[in-house]
Structure formats: structure tokens, C-alpha cells
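Working notes for the structure below.
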Amino acid sequence: MKRDKIKLKSILINLFTTVLVIVEVYPIFWMVTASLKQPAEFVNKPAYALNDGFYIKNYIDAWTRGNMATFFKNSLINTLAALIFIVFFSVTVGFAVTKMDWKYKDKVAKYFGIGIMVPIATALIPLFQIYNKLNLINTRTSLILAYIAFGLSLSIYLITGFLRSLPDEILEAAVVDGCGIYKLMWNVVVPLMKNAIVTVLVLQFFFKWNDLLFSMTFINDTKLKTIQTGLLYFQDEFGSKNWGAIFASVSMSVIPMLILYMILNKAVIEGMTAGAVKG
Amino acid sequence: MKRVLGNKKAIALFVIPALILYTVIVILPVIWSVYYSLYEGSPGLKWEFAGLDNYKRLFKDKNFIAALVVNLKYIAIVMAGQVGLGLGLALFFRFWLKNFKNIIRTLVFFPVVLPTVAVGQLFVKIYEIQPNYGLLNSILSNIGLQKLVQPWIGQASTALGALSAMDIWVAMGFYSVIFYGALLDIPGEIIEAAKIDGCNAVNLFKSILAPLLRPIIITCLVFSFTGTVKMFESALALTKGGPGNATKSLSMYMYNVSFSYGKVGYGSVIAVFIFLLCIAGSGIINRFDKKN
């Protein structure tokens, strides 16, 4: 009896696991197969059928006619530029408000915390006016500045959470050894914070790469569009007729993320389970 | 020690650049939005002081009420789905799943990393009915459920549900990883002891796991809430707010009013409303924390 029960349990667990994996992975797998189909296959065969061959022309169409190369480059430049500053600022500010000695540090930490609650939509209209006056509409700078500023609050919050649990003795020992503040930051604090920095990097990378609201508001020059706005434009350009090319463009925007995730996945999952997000 | 950590020049260098940028781009525009909300028209064109007229108008505006209702429904469904399923999956990983733990957790996290617009376009094709059946309809029709074949995102009755399902699909892996980390922090001995005392699964969850997980559940609810209040990207990519106004959110309505119709003053009222909703909602969720 008991053995039957255990057996039933393991069957149920395996069944549920299989369903879970199918639900999570099948849509992505389907998309890749569809991106390799010829136009006729979409009409003559059911949607779930596998691709007959490898119809690479979809990718060539998306890459050249669809400007995917440009969109990629733009997303990459904007995201990387913003990430460098976000990490730099969140480490320096985070350190200053937790470990350094000055009067207003708690107030400044709280002030940066407000930003977690600010929806982008609320700041959008005035920001558009500010950028308009400064002639920053349709420039990369407009996006990068907004990405940095809106990435600060959560990043500083995560970094301070991590730094608070870092024992002061380590810093004291370094100071006794004659470390100045900049050397202390660079040689002692930063290496100790590797996990927290990776968490911030990864989270912010996904947020910035996924930005749509800023880029559709501030950019209308096709040469400066990012992946997200580019994909929307692509849909309008190719309509619903060229399924293969749309699937190819979507796959192209997805595949680098998957590769990146595969490389970093241990750090991502560990960073998140280790409690950086728990605060 | 004090000399090094109290270095005024270093503090200024560390804090001031970020402080300026943050103030100009995040805080100032919020205050500015409040100021704009007292005016009518568009700055530079017709721009007149209107006092609180815009606010009075807000609750008589049928489109605004419709967007608010859609947004609130979306928050309720997606929040429950993301946090509830995330928690369920984490419990499954911790207590039942024995083989391939790491691979399965990695796969479940997969959709989190995909660009929103890409996911939206993928789901457009999954839900499609015209000119050819998309993935969902073609499977339904093949397994004999022809009755269920329908324009999932083309009709008001299912569009919001279809959108919510997509957003839950995307994010539940994110929450499951956070909850899983929290579950690992609960010492195994406590759970073993409860099991020896004859605690069944439901009681174990109710009297031991739930209280211990409470802070992290609240954090996740706030996270999910602030994410869903903003409802914009995924709805734009999947349905463009349609059919009709069936999936048009507050942010989308604000965007239309201020950028497509050029009513910046009135748009700002909606923007301020979204901000207040965000603060009020997180405040309410956080109050559950302080009771104990």
C-alpha cells in the first residue's frame, strides 16, 4: 500500500514537472522553429508543425530590411553606458550612506529610496519638456541619462542592504594598514561586493534592455531606435503577412538574452536566492 | 578610522553627482507633474491656470474610469498569479522535486529575461485566429476542442485574461526563485520536527512556513504591485490596449491624452494619480507587516 502511494506520488511529481517545463519552454522552442519556416508552411500546415527545412532568408530579411543590426547596436550602447554609471554610483553612494561618517547620510539614503515608488509614467511628461528645452530629444544621451537616474534607487537599496551586513572590522583593518579612502573602496570594498554588484548588473540589464516607454517617447529617428521600439516598428513595417520575418526578428532579440542568461545563470540565481533582493 | 571615513571631499565626490542626476530626472519631474496638473492645455500653446478643475474632471471621465477598472483588475489577477504561483513553484522545488532541480529552476526563470515586446509578439502569434490559427487555437482544434477556438485577444471578454496569463507566465519564475531562497533559509530541523509531531502539509504551511515567509511575501507583493500599476509595455505589445478599451491601462490613457491629444495638463493629473495609487497600494500592503 505504502509503496503504491510513494509510486503514485513520484508519478504525479514527474507529470507536473513535465507540464511545467513544456509550459515554460515550448513557446520559445516553437518561436525558433517558426522563424525557420517558409511562407507557405504557415498557410498549409498547422501552427504547431515543425519546420520543414531551415529557411534562413527570414533572418536575412530581418537583419537587413528590418534594421535589426542598428537596433541591436543602439540597445547595446545605451544599456552598457547606463550600467557602468549605475554600478559606479550605486557602489559609491551605497558606501557613503552606510559606512562613512557624516550628518545627513540616513536622510540621503531615504531620499534615494523614494525613487523605487516613482512610476516612469509620472515623470514622463515633464522630462519630455526638460529634454525638449535642452535639445536632447532624439539623442542617445536622453535615454542613457534617464536609464541611469531611474536605475539608481533600487540599485542603491540593494547595495546598502548588502553593505550593512559587512563587518566594520574589515574596513578598520584596512585603514590601520594605511589605506586611504579611494584605495579602500577599490581594493577592499569592491572585491567584497562582487555578488551584490552582479545582482545589480543583471537586474538592471534586464530592466534597461526592456525599456519601451522612454525610448518610444524620446526617440523617433529609426537610426537611434532600440530593440524594443524596433520590434514594434518591425511589426508595422512587415505587417502580419511576413510571419517568418517577424519570428526571426523576435528570435534574434531573444537569443542573446538566453545566451547571456546561460552564462550568468548561476550568478543570477545565487545572487537572488542569497538575499540581495530580500533586503 | 574616522579621518578616512569622514573624508568630506570623498563623500561629496561619491554622493553629489548621483544626487544631482537623480534629483533632476526623477524627483523634479514628479513635482513638476503636480504643478502641470493645475493647468489646462499644452505648455507654450494654450496654457491656462485651471486650479483643481482637472481633478474634478477626472472622476467624471468615462475613459479614465474604464482605464482604472482595467488596471485594477489586471493588478489583482497578475499579482495573485505571479506571487501565488511563484510561491507554489518554490514549495514544489523545495519539498517535492528530487531530480534535475537546478536545470528546472533555470528553465522556469527563462521567460524573465526576454524582452517584453518580443514576448508580446510571440503571444500575438500564439493567440492568433486570422488568417491562420496560432499555436493555441491550432492545438485546441487538433485535440477536438474546436468549441474553444476563439480570437483570444480580439474580443473584450478574453483579452485581459490573455494578457494577464502572458505576464504571469513571464514573471512567476522570478518570484519562485526569491521564495525558494527564503525557503532554504528555514532550518530543516523545524520542518522535520513538525512532521514528526504529525503535522500535515496544509498545517505545516499554515502554522510554520507562512509566518516565517511573511516578510518575503510582503516584499514580493509590493514588487508585483509596483510592477502591475505601471501596466504599459506588455499591453502595448500584445493588444495595443484593445479591442476597444478592454486592455487600456492608466499609463496608456495618460500617454494618449498627453502625447497624442496634447492635453498635457490633464495628462499630468493622470500621472499624479498613478503615483498616488502606487504609494497608497504599497502602503496598504506594508501595513500587513506591522500588525505583528
### Task
Check A:202, A:189 and return the single one that is of a type in the set (Val, Ile, Thr), more than 25 Å from residue A:101 (Cα to Cα) and buried (at least 19 other Cβ atoms within 10 Å of the Cβ).
A:202
### Task
Residue by residue through the range B:131-158, note down the ones that are in contact (Cβ under 8 Å) with a residue 60 or more places away in the chain and either within 11 Å of chain A (Cβ to nearest Cβ) or β-branched (Val, Ile, Thr) (or both).
B:153
### Task
Please name all residue pairs, on different chains or six or more residues apart, with Cβ atoms under 7 Å, provided the first residue is in the range B:112-130 and is within 16 Å of residue A:46 (Cα to Cα) and the second residue is hydroxyl-bearing (Ser, Thr, Tyr).
none
### Task
Kindly list the number of the only condition in (1) at the interface with another protein chain (Cβ under 8 Å from one of its Cβ atoms); (2) modelled with pLDDT under 90 that fails for residue A:93.
(2)
### Message
Just the residues that are aliphatic (A, V, I, L, M) and touching a Gly at 6+ places or on another chain (Cβ under 7 Å), please, taken from the range B:49-91.
### Response
B:50
### Message
Cβ-Cβ under 6 Å, sequence separation 6+ or interchain: first residue in the range A:166-183 and more than 9 Å from chain B (Cβ to nearest Cβ), partner modelled with pLDDT under 85 and assigned to a loop (DSSP other than H, G, I, E, B). Which pairs?
### Response
none
### Query
Of all residues in the range B:101-113, which are at pLDDT below 80 and surrounded by fewer than 18 Cβ atoms within 10 Å (Cβ to Cβ)?
B:101, B:102
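Here's the yes/no breakdown for (1) surrounded by 21 or more Cβ atoms within 10 Å (Cβ to Cβ); (2) under 30 Å from residue B:270 (Cα atoms); (3) without any contact (Cβ under 8 Å) to a residue 40 or more places away in the chain; (4) β-branched (Val, Ile, Thr):
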site: A:79; (1), (2), (3), (4): yes, yes, no, yes
site: A:91; (1), (2), (3), (4): yes, no, no, yes
site: A:96; (1), (2), (3), (4): yes, no, yes, no
site: A:133; (1), (2), (3), (4): no, yes, yes, no
### Task
Return the total of residues in the range B:259-272 being at the interface with chain A (Cβ under 9 Å from one of its Cβ atoms) and either buried (at least 24 other Cβ atoms within 10 Å of the Cβ) or in contact (Cβ under 8 Å) with a residue 40 or more places away in the chain (or both).
6
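Here's the yes/no breakdown for (1) within 16 Å of residue A:248 (Cα to Cα); (2) of a type in the set (A, V, I, L, M); (3) out of contact with any Gly (no Cβ under 6 Å at 6 or more places or on another chain); (4) at pLDDT below 85:
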{"residue": "A:6", "(1), (2), (3), (4)": "no, yes, yes, yes"}
{"residue": "A:15", "(1), (2), (3), (4)": "no, yes, yes, no"}
{"residue": "A:19", "(1), (2), (3), (4)": "no, yes, yes, no"}
{"residue": "A:30", "(1), (2), (3), (4)": "yes, no, yes, no"}
{"residue": "A:42", "(1), (2), (3), (4)": "yes, no, yes, yes"}
### Looking only at the range A:100-117, and only at residues there that are surrounded by 15 or more Cβ atoms within 10 Å (Cβ to Cβ) and at pLDDT 90 or above, the one that is farthest from the other protein chains (Cβ to nearest Cβ)
A:109
### Message
Here is a list: B:75, B:25. Which entry is within 22 Å of the chain's Cα centre (by Cα), surrounded by 15 or more Cβ atoms within 10 Å (Cβ to Cβ) and among the hydrophobic types (A, V, I, L, M, F, W, C)?
### Response
B:75
### Task
Inspect all residues belonging to the range B:43-64 and state whether any of them is closer than 30 Å to residue A:218 by Cα and within 10 Å of another protein chain (Cβ to nearest Cβ).
yes
### Entirely in the range B:200-265, the helices (runs of 4 or more DSSP H) that have 2 or more residues that are farther than 22 Å from residue A:123 by Cα
B:210-229
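The values are calculated or read from the model by the stated rules, or taken from the named source; none is laboratory data. All of these numbers come straight from a predicted model, not from anything done at the bench. With ideal geometry, Cβ positions are generated from the backbone for all residues, glycine too; neighbour counts draw on all protein chains shown.
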